[in-house]
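Worksheet: one structure, shown below.
The values are calculated or read from the model by the stated rules, or taken from the named source; none is laboratory data. The structure displayed is predicted, hence computed values, not measured ones. Cβ coordinates were reconstructed from backbone atoms using ideal geometry, including for glycine residues, and neighbour counts include every protein chain displayed.
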Amino acid sequence: MSGGKKKSFIIKPQSAMNGEINVTPLVDVVLVLLIIFMTVTPIIERDIKIVLPSTEKVESSNDVPIEQLVVKVAANGDLELNGAKVAMNDYVNALKDKLNVRTDKTVFVMADDTANYAKFVKALDGARIAGAVTLGMATDPPSAAQ
């Protein structure tokens, strides 16, 4: 050994762990993705083909609107067809005669609050047998504007 000097080594204590997130690589990746999307987006745009319906001029008619068919079931079970009393036996035939001349096969059935439920169901069934396609249940008489 030469000179008898010893080399001294200084050992530094280990530093504490760094708990912060390094955002630099994240920012780099986000910027690259942003540039890619900015360049690709104008290329992807396509026209949307839409088929629009053609329009026609509809002539207005001065015809009087056909009154609606309204069947009322009274509290005592009597039936009225557009205000005229009809017997239960003649109900289906009378309604069938009115529906045959119409293109709109809608019948509104109104029942009194105290009317028998069975009579109400018979009125609905009779309307279906007579050829009604649409049955409506109303609480007030429908207006001609509807």
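Scanning the range 95-137 for residues that are in a strand (DSSP E or B) and more than 17 Å from GLY77 (Cα to Cα) turns up THR106, VAL107, THR134, LEU135, GLY136.
Take ILE48 and decide whether it is modelled with pLDDT under 85, among the hydrophobic types (A, V, I, L, M, F, W, C) and not in a loop (DSSP other than H, G, I, E, B). When the stated conditions are applied, ILE48 does not pass them. Considered as a group, the residues in the range 78-118 that are of a type in the set (Phe, Trp, Tyr) and surrounded by 15 or more Cβ atoms within 10 Å (Cβ to Cβ) include one that is farthest from THR134 (Cα to Cα), and that residue is TYR91.
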